[in-house]
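The values are calculated or read from the model by the stated rules, or taken from the named source; none is laboratory data. Please read these numbers as outputs of a predicted model, since none were measured by experiment. When we count neighbours, we look across all protein chains shown, and the Cβ atoms used for this are built from the backbone with ideal geometry, even at glycine. These area figures cover heavy atoms from the full protein model, side chains too; ligands, DNA and RNA do not enter into them. Shrake-Rupley method; radii C 1.70, N 1.55, O 1.52, S 1.80 Å.
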Amino acid sequence: LNTQAQAKTYTIATDTTFAPFEFQAKGGTYKGIDIDILKAIAKKEHINYKLKAISFGAAVQQLSANQVDGVIAGMNITPERKQTFDFSNAYYTSGVVMAVAKGSKIKNFSQLKGKTVALKTGTAGATYAKSIQSKYGFKIKYFNDSNNMYNDVKVGNSAACFEDYPVMSYGIKNGIALKIVSKQYEAGDYGFAVKKGKNAVLLKKFNKGLKAIKADGQYKKIVDKYLHSSE
Ligand code: GLN
């Protein structure tokens, strides 16, 4: 028995606001799909951890600088990120959409010409928007978290934002005054990440636990709780 490995407390970074994957509940504790699956997996695999909620960009940066042991934050598994990180098996699939203010007339990328687009630093949405920026001629303004990005669009400073579909649609259902006006682009899978070549034990446990909570119905229960209940 390796008691040293058992005693280790991992620091797992997550995003500050990315409902329904992670968000602060009343009283300040974090909940959401990522938080709950991590908790369920940790229980199965006896992983000790503490959560560190920071901006997504900071989470990714701190992981690459070895300041945290893992990131669970609705993080897309991409070929580019795989050069720096090792990912778990996929646990959710999502794509990027464009959203505008509820009353906006903007319906397509061409209408963004000369306008400002709000993006969240370091995200797949930001990467996608940057890739079409010169074609459609818009300006970019960066935010550290989703709520401030939405707000800039809501108040009319920015004409649009790019966000993961399940997050944007959950937010709109829960009262954010935006609307989705595009199909999903760059569909990809979410995975739990560790620094490349590091924390192999943690990653292995995560995969084992993920398989177990998929098999025993807990995974489905967690996803249903946040995405398919009327609560
Ligand atoms: N899924 C997106 C990405 O991986 C956004 C993640 C996030 O904002 N927490 O970049």
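In summary, Lys208 fulfils each of the numbered conditions (1) without any contact (Cβ under 8 Å) to a residue 60 or more places away in the chain; (2) open to solvent by 30 Å² or more (accessible area, probe 1.4 Å) with the single exception of condition (1).
Go through segment 181-202 and report how many residues are assigned to a strand (DSSP E or B) and on the phi > 0 side of the Ramachandran plot. Residues flagged as assigned to a strand (DSSP E or B) and on the phi > 0 side of the Ramachandran plot within segment 181-202 amount to 1. If you go through segment 95-114 and keep only what is open to solvent by less than 10 Å² (accessible area, probe 1.4 Å) and either closer than 13 Å to Cys161 by Cβ or at pLDDT below 95 (or both), you end up with Val96, Val97, Met98, Ala99, Val100, Leu112.
Inside segment 120-161, residues that are open to solvent by 50 Å² or more (accessible area, probe 1.4 Å), more than 11 Å from the ligand (Cβ to nearest atom) and in a loop (DSSP other than H, G, I, E, B) make up a count of 3. Cβ-Cβ contacts under 8 Å between residues 6 or more apart (or on different chains), taken from a first residue in segment 33-61 that is farther than 18 Å from Phe87 by Cα and part of a helix (DSSP H, G or I) to a second residue that is open to solvent by 10 Å² or more (accessible area, probe 1.4 Å) and among the small types (Gly, Ala, Ser), are listed as Lys44/Ala212. Within segment 172-186, the only residue that satisfies the criterion of being without any contact (Cβ under 8 Å) to a residue 40 or more places away in the chain and among the charged types (D, E, K, R) is Lys173. Out of Val60, Val117, one residue alone is more than 19 Å from Tyr170 (Cβ to Cβ), buried (at least 20 other Cβ atoms within 10 Å of the Cβ) and away from the ligand (no atom under 14 Å from the Cβ). It is Val117.
Within segment 67-90, if we keep just the residues that are out of contact with any strand residue (DSSP E or B) (no Cβ under 6 Å at 6 or more places or on another chain) and assigned to a loop (DSSP other than H, G, I, E, B), the residue that is nearest to the ligand (Cβ to nearest atom) turns out to be Thr78.
A quick yes/no check of all residues on (1) over 14 Å from the mean Cα position of the chain (by Cα); (2) in the same structural domain as Ile72 (by TED's automatic domain parsing):
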position: Tyr136; (1), (2): yes, no
position: Asn157; (1), (2): yes, no
position: Phe162; (1), (2): no, no
position: Leu178; (1), (2): yes, no
position: Lys220; (1), (2): yes, yes
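Picking from residues in segment 22-32 that are without any contact (Cβ under 8 Å) to a residue 60 or more places away in the chain and not in a strand (DSSP E or B), the one that is nearest to Ala193 (Cα to Cα) is Thr29. Of the listed requirements (1) among the small types (Gly, Ala, Ser); (2) under 28 Å from Ile12 (Cα atoms); (3) away from the ligand (no atom under 16 Å from the Cβ), Ala187 misses just one: (3). Answer with yes or no whether Asp216 is without any contact (Cβ under 8 Å) to a residue 12 or more places away in the chain, more than 16 Å from the ligand (Cβ to nearest atom) and either over 20 Å from the mean Cα position of the chain (by Cα) or crowded, with 21+ Cβ neighbours inside 10 Å (or both). Spelling it out, Asp216 is indeed without any contact (Cβ under 8 Å) to a residue 12 or more places away in the chain, more than 16 Å from the ligand (Cβ to nearest atom) and either over 20 Å from the mean Cα position of the chain (by Cα) or crowded, with 21+ Cβ neighbours inside 10 Å (or both).
Scan segment 30-50 for residues that are open to solvent by 40 Å² or more (accessible area, probe 1.4 Å) and either within 14 Å of the ligand (Cβ to nearest atom) or at pLDDT below 95 (or both) and the total you get is 1. Residues in segment 162-180 that are surrounded by 17 or more Cβ atoms within 10 Å (Cβ to Cβ) and part of a loop (DSSP other than H, G, I, E, B): Ile176 alone.
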